[in-house]
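Engineer: Questions regarding the structure given below will be posed in turn.
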Amino acid sequence: MQRSLTQGPITRNMLLFALPLMCGNLLQQMYNIADTWVVGRFLGADALAAVGSSYTLMTFLTSIVLGLCMGSGAVISMQYGGGEEARMRQSVFQSFALIAGISLAVNLLVYLGLNGILWVLRVPVEIRPLMKQYLVIIFGGIFATFLYNYFANLLRAIGNSMVPLVFLAVSSILNVVLDLVCVLVLHWGVQGAAIATVFSQFVSGGGIGLYTLKQFPELCPRREDCKWDKHNLGTILNLSVMTSVQQSIMNFGILMVQGLVNSFGTVIMAAFAAAVKIDSFAYMPVQDFGNAFSTYVAQNYGANQPERIRKGIRSAAATSAVFCICISVLVCLFAAPLIQIFMDPSQTGIVAAGVHYLHIEGACYLGIGMLFLLYGYYRAVNQPGMSVILTIASLGTRVALAYLLSATPLGVTGIWLSVPIGWALADAIGIGYYFKNKKTKAAA
């Protein structure tokens, strides 16, 4: 179902567009949550620590591709909102060729640099073989991740958020089933969990690609569209590269924190692995709402409707705040049972460390909710550089404080505290810049 966001009720349309995104991302989280649950419950703490650290690394690597796909989607959304069909098809051709090439290059580089990556992450010697076994297979899913995210963002750009959800639902269910079969029945260990994930990723990526080409011919480039127009390519590169930089900086900072966490040993690694899954699962719907808000702003920006954008900002901020407050209360109240989903309750040290993390991060989801809206807004109004600045402010603060505070008596508590402080600083910068710009335009 395609939905135009340039007309009709604002809040209702945004929520209806965002709902499939939220459901889809919930299902996408099941890829790693299924791995984490099966590995943590049936293969032990070492395997959980190995898979958890791999998740952070893969999040960083795929964020490069995801950022490129999101940026190209924003360009296509603007052209769709402005009725520029020929340029839109040309953008599809140029962006697909560009991002496919980058995805293959990333894939090759990580295989060549695997040993160096493990050294940089400060992975304990006893966990290194397990993590290497998992990564050798899981790296094979990078191109599948590109295929799914490219076509998903392409369809969302024209207001269709339901089709990506359907393909993700099928592959997520398949992943859970294959996880259980490969680990519990075939006894393939962490390699089995990786095989299940990669196979499922190719099902979703290949499936949505073929479906889009067949069912949405208006998006398929024609012979005359398959050319490298410099102006259009410049627009795509501006948004795609800057969005990719923003996404990769964000996740590189998290990767650096992962290396610091690893230095505290297997117990903290395992607790962090479980808690981060819950953390990202909890605030993920508001992240998707931020992406839906970005599409809303991009379509209205392309259609030159500034007043509708302003109304959408007020609506999105209120909606996001209500959700974040509710989810913060729930995560703080049920932190222990949530951690115990991934770990046997008898592992009291790991459970306690995970609960401690969630009590700090979970109380501050309002900060990350606002930051996702700011990212979406600046990407949609063709100011991706501002999103990069906000990311640097947030992650720079987080990484610097994590290393400084962890060296004090606070220890790992200092790492956890650095996160909401970084969110708050980036929010202040993003909101301040928006109102400063607003006053400047009013004066002009």
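The values are calculated or read from the model by the stated rules, or taken from the named source; none is laboratory data. Since the structure is predicted, the reported quantities are computational estimates derived from the model, not experimental observations. A quick note on method: Cβ atoms are made from the backbone with ideal geometry, for glycine too, and the neighbour counts reach across all protein chains shown.
Engineer: Looking at the range 302-319, which of its residues are touching a residue at least 12 places away in the same chain (Cβ under 8 Å), surrounded by fewer than 23 Cβ atoms within 10 Å (Cβ to Cβ) and assigned to a helix (DSSP H, G or I)?
Structural biologist: G302, R308, I309, K311, G312, I313, S315, A317, T319
Engineer: Which numbered condition trips up V322, out of (1) closer than 30 Å to G81 by Cβ; (2) in contact (Cβ under 8 Å) with a residue 40 or more places away in the chain; (3) β-branched (V, I, T)?
Structural biologist: (2)
Engineer: Among (1) more than 28 Å from G302 (Cα to Cα); (2) within 18 Å of the chain's Cα centre (by Cα); (3) not small (G, A, S), which single condition is R122 missing?
Structural biologist: (2)
Engineer: Is it true that some residue in the range 272-294 is surrounded by fewer than 22 Cβ atoms within 10 Å (Cβ to Cβ) and in a loop (DSSP other than H, G, I, E, B)?
Structural biologist: no
Engineer: Also: Test S161 against the criterion of being among the polar types (S, T, N, Q) and closer than 22 Å to F252 by Cβ, and give yes or no.
Structural biologist: The answer is no for S161.
Engineer: Being farther than 11 Å from A426 by Cα and under 18 Å from the mean Cα position of the chain (by Cα) is the filter here, so list the residues in the range 375-404 that pass it.
Structural biologist: If the condition is that a residue be farther than 11 Å from A426 by Cα and under 18 Å from the mean Cα position of the chain (by Cα), then G376, Y377, Y378, R379, A380, P384 are the ones that fit.
Engineer: Something else about it: Give the number of residues within the range 5-46 that are outside any loop (DSSP other than H, G, I, E, B), small (G, A, S) and at pLDDT below 80.
Structural biologist: Counting residues in the range 5-46 that are outside any loop (DSSP other than H, G, I, E, B), small (G, A, S) and at pLDDT below 80 gives 4.
Engineer: I'm trying to understand the selection: among the residues of the range 76-95, which are touching a Ser or Thr at 6+ places or on another chain (Cβ under 8 Å) and within 17 Å of C220 (Cβ to Cβ)?
Structural biologist: The answer is I76, Q79, S91, S95.
Engineer: Looking at F372, F342, which is the one that is assigned to a helix (DSSP H, G or I) and either under 24 Å from the mean Cα position of the chain (by Cα) or more than 30 Å from D46 (Cα to Cα) (or both)?
Structural biologist: F372
Engineer: Here's a follow-up. How many of the residues in the range 100-144 are of a type in the set (S, T, Y) and surrounded by 18 or more Cβ atoms within 10 Å (Cβ to Cβ)?
Structural biologist: Total satisfying the criteria: 2.
Engineer: Also, quick follow-up: If you take the residues of the range 114-159 that are basic (K, R) and over 22 Å from G192 (Cβ atoms), which of them is modelled with the lowest pLDDT?
Structural biologist: Filtering the range 114-159 for residues that are basic (K, R) and over 22 Å from G192 (Cβ atoms), the one modelled with the lowest pLDDT comes out as R122.
Engineer: Okay, moving on. Taking the conditions exactly as written (among the polar types (S, T, N, Q), over 19 Å from H356 (Cα atoms) and part of a helix (DSSP H, G or I)), does S418 satisfy them or not?
Structural biologist: Spelling it out, it is not the case that S418 is among the polar types (S, T, N, Q), over 19 Å from H356 (Cα atoms) and part of a helix (DSSP H, G or I).
Engineer: So which of G265, G205 ends up being in contact (Cβ under 8 Å) with a residue 24 or more places away in the chain and either within 30 Å of M343 (Cβ to Cβ) or surrounded by fewer than 21 Cβ atoms within 10 Å (Cβ to Cβ) (or both)?
Structural biologist: The unique qualifying residue is G265.
Engineer: Now for a separate question. Given the condition more than 30 Å from T295 (Cβ to Cβ), in a helix (DSSP H, G or I) and either out of contact with any Pro (no Cβ under 8 Å at 6 or more places or on another chain) or of a type in the set (D, E) (or both), answer yes or no: does some residue in the range 85-108 qualify?
Structural biologist: yes
Engineer: Just wondering, is there one or more residues in the range 402-412 that are touching a His at 6+ places or on another chain (Cβ under 9 Å), modelled with pLDDT under 90, surrounded by 15 or more Cβ atoms within 10 Å (Cβ to Cβ) and farther than 21 Å from R314 by Cβ?
Structural biologist: Yes, the range 402-412 has at least one match.
Engineer: Among the residues of the range 175-202, which ones are surrounded by fewer than 17 Cβ atoms within 10 Å (Cβ to Cβ) and more than 20 Å from M131 (Cα to Cα)?
Structural biologist: Selection gives V177, V181, V185.
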